[in-house]
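What follows is a short report on a single structure.
The values are calculated or read from the model by the stated rules, or taken from the named source; none is laboratory data. All of these numbers come straight from a predicted model, not from anything done at the bench. FYI the Cβ positions are ideal-geometry reconstructions off the backbone, even for glycines, and counts take in every protein chain you see. Ligands, DNA and RNA are stripped out before the accessible areas are found, and what is left, the full protein with its side chains, is counted by its heavy atoms. Shrake-Rupley method; radii C 1.70, N 1.55, O 1.52, S 1.80 Å.
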Amino acid sequence: MIRSYILTAFRALRKQRFYTFINIAGLSVGIAACLVILLFVVNEFNYDRYHTKGDRIYRLNTEIKFGSNHFQVATGYPVMAELFKQNYPEIESIVRFRDWGKRYVRQVNGHEKTRENVVWADSTFFDVFSIPVLEGNPHQALRDLNSLAISRKMAQKYFPAGNALGQSLILEDNSLYKVTAVYEDIPARSHFHFDMLRAFVGLEDAKSATLIGGSESHLYILLKKGARVEQLESKFSAFIEKYVMPQIADAVGGDQTLEKFHAAGNIWEYTLTNVKDIHLNSSRAGEFEPNGNITYVYLFSAIAIFILIIACINFMNLSTARSASRAREVGVRKVMGSLRSQLIKQFLAESFMLTLFSFALAIMIAYFFLPVFNTLADKQLSLPLDQLWFYGLLLITSMVVAVMAGLYPAFFLSAFKPTAVLKGKLALGLKSGLVRSGLVVFQFVVSIFLMIATLAVNQQLNFIQSKRLGFEKDQLIVVKEAYALGNNIKPFKEEALRNSSINSGTISGYLPVAGGWRTSDTYWKDGVLPTQTNLKDMVNIQTWQIDLDYLKTFKMKMKYGRAFSADFLSDSTAVILNETAISHFKIEGDPIGKKISHFGGQRPDGSPDPTKIEAWTIIGVVEDFHFESLKNDISPLGFQLRKSNGNVIFRFEAAKASDVITTLEKTWKRLAPDSPFQYSFLDEDFGRMYSTEYRLGKIFALFAVLAIVIACLGLFALTAFTAEQRTKEIGIRKALGASINTIVLLLSKDFSRLILIAFILAIPLAWYSVDQWLESYAYKTEIGIPVYAVAGGLTLLISFATMSYQSIKAANGNPIDSLRSE
């Protein structure tokens, strides 16, 4: 019986080659898109799943708010590790990290330096995280001051002959570090990646006892088995009351309690995030790496499902639309004794065969399409073709899709009454037409939604690129890691400026794009002792260290006052604030000459020393400029005239870019021969801040095209079928003098009406979704009527072009051929 079903299904599909091709093409493209997105989703959800103790590992988060200052960070203070262990018996272990970033490393007998990702870490690192140690003792590896654990990749790079254990490397501080462990490379699906681990005990800040200032660290807590994270979090308020509030009171005076602190509208809270949730559910300041976004994962999952549904809708539409051509077949089969259940099985067999072919083709499409998607999504996904479970999953999924796509047509077609069919009295009925129309509308709702989303994302990106930033990002080249020049940094700048194509240059690690150095401190208006200062009057501002040429090189504009000058020795204690800082300090009138103060020293425990206060004189106010993503509001910032040798930035003539690069590289190699020359253009660094948005826009565009192509494939086939069914009507109309244009409009108007309905339904859905996405931006464009009009117009144009081909073909037919038998 099964063999009979398969043979009959094969004959039916071969007989209707055109519709079979449309179905297989649409379904295979839809399945391929779904398969690629499924790989992406599985990849995102598998981050940090390799930790065997992952259910018990939590990262500490801190939220602090006072006055206009609000911080949500993924860090705490080093001393918290010791205090937590003393106060909370449910904690099994804690590991602290301090990210040192990319640092120069060289072999003991070598001169060439390379930059590696180095981090300070506690000796408990290998106790908490499931990173296999290949050489050395994991429990002793990071206990000594100058001990170093390196990854397998680093061991192979620096010690290709093997036996890395016990050998030494020289890091950027020119100290010798002994390799005490070699660990397996950290998996790609991890929210952190370290090439080298330095012993945290060698970090001076590890001895700090402050909980309200100074350098911060990442803290990861391993709970004991059976301990509940909710209970631990509930105890943090008592911890803040006991340890944090006394330090605040000691620094600013007064009787500080947590109740009073919160009553004044302030916040000081600690929370915990499970390590498995960090990648998709955390976007705090201080993250080790840019994380994913659970919203995008859900969004892409929905897109995959909708594209697959669109492909299945094509199958259902074509199957029910061709009901008239298969009605006699059903009638004859029933007269010959076929049961309805047998007919249902027959039609499901056709659906299963078609789906099986589509899945086989989809795997090929996905295989060739994955490199494109990987480039767009910045991933390294691959099909698990060597895994048996993959083929089992495909088989099960194909059966589900076959049933989903074929069940309704099977029940619909098998329900025909043989007496009516064989008498030629088949009535397709209103119900079938309404269902088919509803499915067409759904297809184009999804297609139009994706097109509107694509246009909206691109409009926001264009807004970002064209928005006035407060500085000129173009024609700036950044020579990175300039501290490798040592004392030659000024000669490097001066020699480069001799090139006539270079207009100006500045030395600073602070850049107005993400990735530049950042430091901040809390200041208050001078004249009020900190013991009398209310917390809401204290302002946390970023403090950037720059030289005399910084503002000129970036072409920042002064609102009031002047820039730093070599003519004023007092500028060493002067500050230039941005407009936002002035408003946060609530400075009225002319700000020039007024002062702001901050704690200028620390006690031995690392807490602010209220007896050491430094005052800074305001000599200028720079116009606000964007130095972070446009998702963030401009925050208070102050410039100080101090050395900062992170980068050397040059403004150059655009036409002479290659000449400038050659000059800089030659000068660098002469002054820093052991360090690699690295540079970037600031406008490219700026663009990288929005790499996620660029990828999102391209992926949306891709899937919008796929959705429209699949929908139009179905529309193409439905139009062909409609024209086929109305052949005699078209012949009569042509015989009576109807023009080709009239007939094309006649055949297209019904489907055009459905697309118009889809457009009307898609507008509110797209508007709400786009509005929610734009909420993440502090500065955003207005998505006006043109975006919706363009999306609707393009969809209608593409659809009309699809319908017109078959309509024109039918209209050009000879009416004699269609009316010969009448």
_Test of understanding: what is the full-extension gain from A654 to A285, defined as 0.36 nm times their sequence separation minus their Cα-Cα distance?_
129.4 nm
_Dipole axis of the range 546-690 (+1 Lys, Arg; -1 Asp, Glu on Cβ), positive-most option in L671, F639, F681_ = L671
_Amide proton proximity set for L134, modelled H, under 5 Å, gap of 5+_ = V182, Y183, E184
_Exposure rank, largest accessible area first [F21, F554; 1.4 Å]_ = F21, F554
_Probe of 1.4 angstrom, ligands and nucleic acids ignored: what's the accessible area per residue over the range 228-291, in square angstrom?_
49
*Obtain the nm distance between the two label points defined at S382 and E82 by a simple spin-label model: each point lies 7 Å from its Cα along the Cα-to-C-beta direction.*
4.8
*Determine how large the accessible area of S237 is when every protein chain is in place; take a 1.4 Å probe and give Å² rounded to the nearest 10.*
60
*Expressed as cubic angstrom per residue, what is the convex hull volume of the alpha carbon set of the range 658-706?*
113
*asked:* I'd like the carbon and sulfur percentage of the solvent accessible area for the range 229-271, probe radius 1.4 Å, heavy atoms only, ligands and nucleic acids excluded.
replied: 52
*Residue-count net charge about S466 - beta-carbon cut-off 14 Å; Lys, Arg +1, Asp, Glu -1*: 0
_Added length on full extension, which subtracts the Cα-Cα distance from 0.36 nm per residue, N174 to L794_ = 217.0 nm
*How big is the gap, in Å, between the Cα center of the range 154-199 and the Cα center of the range 543-601?*
43
*E495, E44, ranked by accessible area, largest first (probe 1.4 Å)*: E495, E44
*Ranked from highest to lowest mean number of other Cβ atoms within 10 Å per residue, what is the order of the peptides 649-661, 774-786?*
649-661, 774-786
*How long is the gain from A360 to Y779 if the chain were fully straight, where each residue apart is worth 0.36 nm and the alpha carbon distance is subtracted?*
146.2 nm
*Ordering I477, I587 from largest to smallest accessible area (1.4 angstrom probe), what's the sequence?*
I587, I477
*Note down the net charge around F369, summing +1 for each Lys or Arg and -1 for each Asp or Glu among other residues with Cβ under 15 Å from its Cβ.*
+2
*State log₁₀ I(q)/I(0) for the range 497-647 at q = 0.16, 0.18 Å⁻¹ as given by the Debye formula over alpha-carbon point scatterers of equal weight, solvent excluded.*
-0.92, -1.15
*asked:* Can you give the FRET efficiency to the nearest 0.05 for F45 and T257, using r as the Cβ-Cβ distance and R₀ = 30 Å?
replied: 0.10
*Hey, can you rank 147-153, 88-94 by average C-beta count inside 10 Å, highest first?*
147-153, 88-94
*Report in % the part of the accessible area of the range 557-654 that belongs to carbon and sulfur, leaving out ligands and nucleic acids; probe 1.4 Å.*
50
*When the gyration tensor of the range 457-507 is built from Cα positions, what are the square roots of 5 times its three eigenvalues, in whole Å, from largest to smallest?*
32, 14, 8
_Global geometry of the range 67-140, whether rounded, prolate or oblate, following the gyration tensor of its Cα atoms and the 1.5 cut on a/c_ = oblate
*Report the relative contact order of the range 57-141, percent, no decimals, based on alpha-carbon pairs under 8 angstrom and at least 6 residues apart.*
19
*asked:* As an exercise, use a Förster radius of 60 Å and the Cβ-Cβ distance of H70 and N741 to find the FRET efficiency, rounded to the nearest 0.05.
replied: 0.40
*Over the Cα atoms of the range 98-207, Rg to Rh with Kirkwood Rh, two decimal places?*
0.92
*Can you work out the accessible area per residue across the range 162-202, with the rest of the protein chains kept in place, probe 1.4 Å, in square angstrom?*
36
_Skipping prolines and chain starts, which residues have an amide H placed within reach, meaning under 5 Å, of the one on E216, given they are 5 or more residues away or on another chain?_
none
